[in-house]
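Take a look at this one; I'll ask things after.
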Amino acid sequence: MRPAEVTTEQIIEAGQALQAAGRNVTGFALRQRLGGGNVNRLKAVWEEHVASQAVTRAEPVAELPIEVAEQLKADSEGLVERLARLAVELNDRAVKAAERRVAELVRTTGEQREQMERELVDASTAIDEIETQLAAAQTLYKELNAKLADERERSQGLALELAQVRERTAATEKAAKEAAQAAAQREADLHEQLQQARQAEQAAREREATANGQLLAAMQQHKEDSKASAELRRDLEKARKEAEDGRIHLQAAQARLDGAVREIEEARKQVREARDEAKEASGRAAELRGELKAVQQELAALKAEKTQAQPSPQPTTGHR
C-alpha cells in the first residue's frame with residue numbers, strides 16, 4: 001500500500017487556511033495548497049474533520065412551534081428540490097470541467113493530442129485515449145533507450161586520443177541520458193495523472209470556478225511541456241550533429257594513423273636494409289683483418305730472412 005504523502009494535521013491546517021482566505025475547501029484546492037496528495041483522501045479527511053467539529057459543537061435547542069415547523073417543512077421541500085437541481089447542475093459542470101482538464105493532460109503526451117481532443121466526448125473515452133497515449137509514451141521511451149544505446153556503440157568507435165572528440169561524445173551521451181530520464185519522468189507523471197483523472201471522474205464535486213482554474217493551470221503545463229519537448233528535439237539534433245562531427249574526426253585520425261603505419265613500415269624496411277649492409281660490411285672487415293694478418297706474417301718472415309742473409313762482421317788486421 002502506498003504511504004500517505006501528507007499528514008492529517010497538514011490537511012486540516014490547509015483547510016483552515018483556505019477558510020480564512022474566504023475560499024471553498026475542495027479536494028483540488030487542498031491539493032494545490034499542499035502541493036500534492038490524493039484528491040479523494042484530502043477531501044475525505046477534511047469532511048471528517050468538519051463532521052467531528054459539527055458533532056462536538058452541537059447543542060440542544062428548543063423545538064419549533066408546529067406552524068413554524070410545517071411551514072419550514074414545506075419550504076424545505078422546495079429548497080431541497082432546488083438544491084438537488086443545483087447539485088445536479090454543479091456536478092454536471094464539474095464533470096465536464098474535469099473531462100476538459102483530462103483532455104488537456106492527454107494532449108501533453110505528444111503527436112496525437114489533436115485527435116484526442118476531437119474524440120474526447122465523455123470521461124470514459126478520455127481515459128481510453130489516455131491509456132493509448134501512455135502506451136505511445138512507453139514506446140517512445142523504449143525508442144529513446146534504443147537510440148541511446150546506438151549512440152553509445154557509435155561513440156565507442158571514436159578515436160580515444162582526440163580529447164575534443166571525447167568531450168563531445170560525453171556531452172552527447174549526457175544529453176541523451178537526460179532526455180531518456182525526462183521521458184521516464186514524464187511517463188511516471190502520466191501514470192499519476194491517469195489515476196488522478198479516474199478518481200476525479202468518480203468524485204467530481206468541484207465548483208465551476210475552481211475547475212476552470214485547474215484547467216488554466218493544465219493549459220499552462222501543456223505549454224511548458226511543449227517547450228520542453230522542442231528543447232529535447234533540439235538537443236537530440238545537436239547530439240546527432242556532434243556524433244557526425246566525431247565520425248569525420250575519426251576518419252581523419254584513421255587516415256593519419258594509416259599514414260603513420262606506412263611510414264613505420266618504410267622505416268622498418270630501411271632498418272632491415274641498413275642491418276644487411278652492416279652485416280656485409282662486418283664480413284668484409286673480417287676478410288680485410290685476415291688479409292692484414294697474413295701480410296704482417298709475410299713481412300715478419302721477410303725480416304727474418306734478411307737478418308740471416310747479412311754477413312757477420314770480420315775482425316780488422318793491421319798491414320806490415
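The values are calculated or read from the model by the stated rules, or taken from the named source; none is laboratory data. All values reported here derive from a predicted model rather than from experimental measurement. Every residue, glycine as well, gets a Cβ built from its backbone with ideal geometry; the counts of neighbours run over all protein chains shown. Ligands, DNA and RNA are stripped out before the accessible areas are found, and what is left, the full protein with its side chains, is counted by its heavy atoms. Shrake-Rupley method; radii C 1.70, N 1.55, O 1.52, S 1.80 Å.
With the requirement that a residue be of a type in the set (S, T, N, Q) and without any contact (Cβ under 8 Å) to a residue 40 or more places away in the chain, what does the range 231-254 give you?
Gln251
Mind telling me which of the residues Thr210, Thr172 ends up being open to solvent by less than 40 Å² (accessible area, probe 1.4 Å), part of a helix (DSSP H, G or I), modelled with pLDDT of 75 or more and in contact with an Asp or Glu (Cβ under 6 Å, 6 or more places away or on another chain)?
From the options Thr210, Thr172, the qualifying one is Thr172.
Looking only at the range 3-47, how many residues end up being open to solvent by less than 70 Å² (accessible area, probe 1.4 Å), in a helix (DSSP H, G or I) and among the polar types (S, T, N, Q)?
2
Kindly indicate whether any position in the range 261-278 is of a type in the set (Asp, Glu), within 24 Å of Ser155 (Cα to Cα) and free of Cβ contacts under 8 Å to residues at least 60 places away in the same chain.
No; the residues of the range 261-278 include none that is of a type in the set (Asp, Glu), within 24 Å of Ser155 (Cα to Cα) and free of Cβ contacts under 8 Å to residues at least 60 places away in the same chain.
Restricting to the range 109-149, and then to whatever is hydroxyl-bearing (Ser, Thr, Tyr) and under 18 Å from the mean Cα position of the chain (by Cα), can you tell me which residue is modelled with the lowest pLDDT?
Filtering the range 109-149 down to residues hydroxyl-bearing (Ser, Thr, Tyr) leaves 109, 124-125, 132, 139, 141.
Going one step further and asking which of them are under 18 Å from the mean Cα position of the chain (by Cα), we end up with 109, 139, 141.
Details: Thr109: 73, Thr139: 88, Tyr141: 82.
This residue is Thr109.
If you don't mind, there's one more thing I want to ask. Would you please name the residue that is least open to solvent (accessible area, probe 1.4 Å), looking only at residues in the range 153-168 that are among the charged types (D, E, K, R) and in contact (Cβ under 8 Å) with a residue 24 or more places away in the chain?
So the residue we want is Arg168.
Conditions (1) modelled with pLDDT of 75 or more; (2) open to solvent by 70 Å² or more (accessible area, probe 1.4 Å), marked per residue:
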{"site": "Gln53", "(1), (2)": "yes, no"}
{"site": "Ala62", "(1), (2)": "no, yes"}
{"site": "Ile66", "(1), (2)": "yes, yes"}
{"site": "Lys73", "(1), (2)": "yes, yes"}
{"site": "Ser76", "(1), (2)": "yes, no"}
{"site": "Leu83", "(1), (2)": "yes, yes"}
{"site": "Val88", "(1), (2)": "yes, yes"}
{"site": "Ala103", "(1), (2)": "no, no"}
{"site": "Val106", "(1), (2)": "no, no"}
